[in-house]
Amino acid sequence: MSLLPKPFVFLRHGETFYNRARIIAGRFDVPLTPEGEQQARDVQELLDRPWSYIAVSSMFRARKTARLAIPGGRFHIFDGLRERDWGDLEGKPYRHPMPYTSTSLPGGESWDVFQTRVIGALNEVLAHHEYPLFVAHSGVFRVIRFATLGTHEGPRVKNVCPVVCTPGEGSEGWSLTSMSEAEAFEPTV
């Protein structure tokens, strides 16, 4: 399944306590830290524009980020933009390397099922709206990276740092660039 070649902006939710502690929280509906809430407020000016559509993950951390980052925005909630269910890995520390493309996660969602769900939700919006904003999760961005650049690998997208996703012309590929002056991706360690 491929991503429709239309431009959009992706925004990862604000920092959670699990992010800070580097613990896996895919299906866990965890709240934002006070820092995560401030991150969302800090991006208000940058996101202050008439979006054609704002699609938001059904998870609390994404919904709260959207409300703080785009006060008064009209949000459309998509269960298909939820973070991946990591099954037995939920609540455990991040691994190196993480089994992102695993076809089998005990008690969880395979990469193929996750990817199909996310691409379906993204394409549902892209088919009907020009230049939408998606507010979701780092796993959702890994699917976007895989669909646009051909690899899931790369640094984790930072919390609340908007990424402009633009399809190339002709044989040129997609570009994924920070909308702000800040670098959009965590340093690779």
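Hey, which lysines would be in cross-link range of Lys158, C-alpha to C-alpha under 21 Å, not counting anything within fewer than 8 residues on its own chain?
Once the sequence-local lysines are set aside, what remains near Lys158 is Lys64, Lys92.
Note down the net charge around Asp85, summing +1 for each Lys or Arg and -1 for each Asp or Glu among other residues with Cβ under 11 Å from its Cβ. Kindly include the intermediate steps, with their values, before the conclusion.
Numbers: positive: Arg27, Arg82, Arg84, Arg117; negative: Glu83, Asp88, Glu90, Glu109.
That works out to 0.
Quick one, can you get me the convex hull of the C-alpha atoms of region 82-160 expressed as volume per residue in Å³?
Convex hull volume per residue, Cα atoms: 105 Å³.
Taking square-rooted eigenvalues a ≥ b ≥ c of the alpha carbon gyration tensor, is region 44-137 rounded, prolate or oblate, where a/c under 1.5 means rounded and, failing that, a/b exceeding b/c means prolate?
prolate
Direction-averaged shadow area of the convex hull around the Cα atoms of the chain, nm²?
10.1
Which length gain, in nm to one decimal place, applies between Glu130 and Thr177 when the Cα-Cα distance is subtracted from 0.36 nm times their residue separation?
Full-extension gain reported as 15.1 nm.
What does the charge count around Tyr53 come to, taking other residues whose C-beta lies under 14 Å from its C-beta (Lys +1, Arg +1, Asp -1, Glu -1)?
+1
What does the accessible area per residue of region 126-176 come to in Å², with a 1.4 Å probe and no ligands, DNA or RNA counted?
It amounts to 39 Å² per residue over region 126-176.
Over the chain, what percent of the accessible surface lies on carbon and sulfur atoms, probe 1.4 Å?
Roughly 51 percent of what the probe reaches on the chain is carbon or sulfur.
The values are calculated or read from the model by the stated rules, or taken from the named source; none is laboratory data. Fair warning: this is a prediction, and the values are worked out from it, not measured in the lab. Positions of Cβ are backbone-derived with ideal geometry, glycine not excepted, and every protein chain shown enters the neighbour counts. Just so you know, the surface numbers come from the protein's heavy atoms only, side chains and all, with ligands and any DNA or RNA stripped out. Shrake-Rupley method; radii C 1.70, N 1.55, O 1.52, S 1.80 Å.
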